[in-house]
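Colleague: Quick one: structure below, then a few questions.
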Amino acid sequence: MALDRLDRALGLIASIPDYPEPGVVFRDLTPLFADADAFVATVDALIEPFQGRFDAVAGLEARGFLLAGAIAVRAGSGLVPIRKQGKLPRATESQSYELEYGSATIEAHRGDLDPGCRVLLVDDVLATGGTLGAAVRVADRLEWDVVGAAVVLELDALGGRDVVGGIAPALDIRSLRHV
């Protein structure tokens, strides 16, 4: 039954060709977020392999925030955002990286979590690995104990898992669906 719910949830994800630029297929999770049962099924599936192993969730900007917030509430854990550069008001650790259609920098506040805090990284899509790899580097500098990464979709052809594996070979990455 749970797999049927999750399959239905993941079936709600829309593929938008040529967005935000020609040649890119954008994976739109907003239909999944809009459906309460689909959203709950997705959040539960993201938590399941890491249940009891994390104290806080770090959500990657921007759709990772939505997932991370729901995971934190459901798991009874803390939550920290990993944001685009310039969005956080206090001292941060930052990391630049390449996207499939540009470059960016992400950052997280220093001091929101204690060193050694067990953290689950959460994002919507693992594509080229740039965002997740940069988040791992930020977490390392903040001395968080990253227990794993949970994503809804993994775009296998873009090789993101290999990129992240080059940064953190032992990182437990769980994807609900491979595309």
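Colleague: Return a whole-number percent for the relative contact order of the chain, with Cα pairs under 8 Å and 6 or more residues apart as the contact set.
Modeller: Numbers: 366 pairs, mean separation 32.1, N = 179.
Answer for the chain is 18 percent.
Colleague: Something else now. With 20 Å as the cut-off, how large is the P(r) tail for segment 85-179, expressed as percent of Cα-Cα pairs?
Modeller: Numbers: 1499 of 4465 pairs.
In whole percent, the long-distance tail amounts to 34.
Colleague: So, one more: Under a GNM of the chain (C-alpha, springs under 10 Å), which listed residue has the highest mean-square fluctuation: D114, D145, D18?
Modeller: Most flexible of the set in this elastic network: D18.
Colleague: I need the semi-axes of the equivalent ellipsoid of segment 1-65: take the C-alpha gyration tensor, multiply each eigenvalue by 5, square-root it, list largest first in whole angstrom. Don't skip to the end; give the middle numbers.
Modeller: Numbers: eigenvalues 118, 58, 17 Å².
Each semi-axis is √(5λ); the values are 24, 17, 9 Å.
Colleague: For segment 79-157, run through the GluC sites (Glu not before Pro) and keep only the ones in DSSP coil with at most 15 other Cβ atoms within 10 Å of their Cβ. List each step's numbers first, then the result.
Modeller: Values: sites: E93, E98, E100, E107, E143, E154; in loops: E100, E143.
Answer by residue number: E100, E143.
Colleague: Next up: Helix-derived [θ] at 222 nm for the chain: sum -39500 (n - 2.57) over DSSP H runs of at least 4, divide by residue count, nearest 500? Provide the component values of the computation, followed by the final result.
Modeller: Values: 6 runs with 60 residues, N = 179.
Helices in the chain give a 222 nm mean residue ellipticity of -10000 deg cm²/dmol.
Colleague: For E154, list long-range residues whose amide hydrogen, built 1.01 Å from N in the peptide plane, is under 5 Å from its own amide hydrogen.
Modeller: HN-HN under 5 Å from E154: L126, R177, H178, V179.
Colleague: Just the accessible area per residue of segment 110-173, please: how many Å² with a 1.4 Å probe? Walk me through the intermediate numbers first.
Modeller: On the way: 2430 Å² over 64 residues.
Averaged over the residues of segment 110-173, the accessible area is 38 Å².
Colleague: Stretched out fully, how many nm does the piece from Q85 to V147 gain, at 0.36 nm a residue minus the Cα gap?
Modeller: Details: separation 62, 0.36 × 62 = 22.32 nm, distance 2.43 nm.
Length gained, Q85 through V147: 19.9 nm.
Colleague: How much area per residue is accessible in segment 50-109 when the probe is 1.4 Å and only protein heavy atoms are counted (Å²)? Working shown, then result.
Modeller: On the way: 2870 Å² over 60 residues.
Per residue, segment 50-109 has 48 Å² of solvent-accessible surface.
Colleague: At 1.4 Å probe size, with the rest of the protein present, what percent of the exposed accessible area of the chain is carbon and sulfur atoms? Numbers along the way, then the final one.
Modeller: Working: 4320 of 8420 Å².
On the chain, the fraction of accessible area on carbon and sulfur atoms equals 51 percent.
Colleague: Among residues other than R63 whose Cβ falls under 9 Å from its Cβ, what is the net charge (Lys/Arg +1, Asp/Glu -1)?
Modeller: On the way: positive: none; negative: E61, D123, D124.
Once all neighbours under 9 Å are counted, the net charge is -3.
The values are calculated or read from the model by the stated rules, or taken from the named source; none is laboratory data. Computed from a predicted model, the values in this text were never measured in an experiment. Every residue, glycine among them, receives a Cβ derived from its backbone with ideal geometry; neighbour counts consider all protein chains shown. What goes into the accessible areas is simple: the full protein's heavy atoms, side chains included, and nothing from ligands, DNA or RNA. Shrake-Rupley method; radii C 1.70, N 1.55, O 1.52, S 1.80 Å.
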